[in-house]
1. Taking the Cα-to-Cβ direction at S21 and at S114 and moving 7 Å from each Cα, how far apart do the two end points lie in nm?
2. Can you list residues from other chains, or at least 5 along the same chain, whose modelled amide H is less than 5 Å from the amide H of N75?
3. Rounded to the nearest 20 Debye, what is the dipole magnitude of the stretch 1-109 about its Cα centre when Lys and Arg each give +1 and Asp and Glu each give -1 at the C-beta?
4. Explain nothing, just compute: Karplus ³J(HN,Hα) = 6.51 cos²θ - 1.76 cosθ + 1.60, θ = phi - 60°, for every residue of the stretch 85-99 in order, whole Hz, x for Gly and Pro.
5. Once neighbouring chains are kept in place and the probe is 1.4 Å, which whole percent of the accessible area of the chain is contributed by carbon and sulfur?
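The values are calculated or read from the model by the stated rules, or taken from the named source; none is laboratory data. Bear in mind the structure is a predicted one, so any value in this text is a computation, not a measurement. All Cβ positions, glycine included, derive from the backbone under ideal geometry; neighbour counts span all protein chains shown. For accessibility, only protein heavy atoms count, side chains too; no ligands or nucleic acids. Shrake-Rupley method; radii C 1.70, N 1.55, O 1.52, S 1.80 Å.
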Amino acid sequence: QVRLVESGGGLVQPGGSLRLSCAASGSIVTRNMGWYCQAPGKERELVASITSGGTTVYADSVKGRFTISREGAKNTVLLQMNSLKPEDTAIYYCRLTAPWGQHWWGQGTQVTVSS
């Protein structure tokens, strides 16, 4: 059984920073881990992802502001979010993908950017 536990969301002013963390429990080999966001009335979309080899992908809207990384050999993925904008407000979900293609999702963490 794989479980993803997210933390680090909250309320921040425009221009501020937050760091999201997602830790996967259970012994599993991962193909990649990523962060997705879903704003009210919108579909869930990719924010950033990172493969087990360290290759990263970013949405155009966050390039240069967000950085995704993994903690060593642990199934933990971090998302450093800088220069936050009101349009970054959303629920952020962590996703883990196994080598055979199966996905697991975290419960989501709310990020609100507002003055």
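1. About 2.7 nm separates the two model spin labels.
2. The list, which skips near neighbours in sequence, is A24.
3. On the way: 11 positive and 7 negative charges, 40 e Å.
Roughly 200 debye for the stretch 1-109.
4. Residue by residue, the stretch 85-99 yields 10, x, 6, 7, 4, 4, 8, 9, 10, 8, 9, 10, 10, 7, x Hz.
5. Details: 2950 of 6150 Å².
Of the solvent-accessible surface of the chain, carbon and sulfur hold 48 percent.
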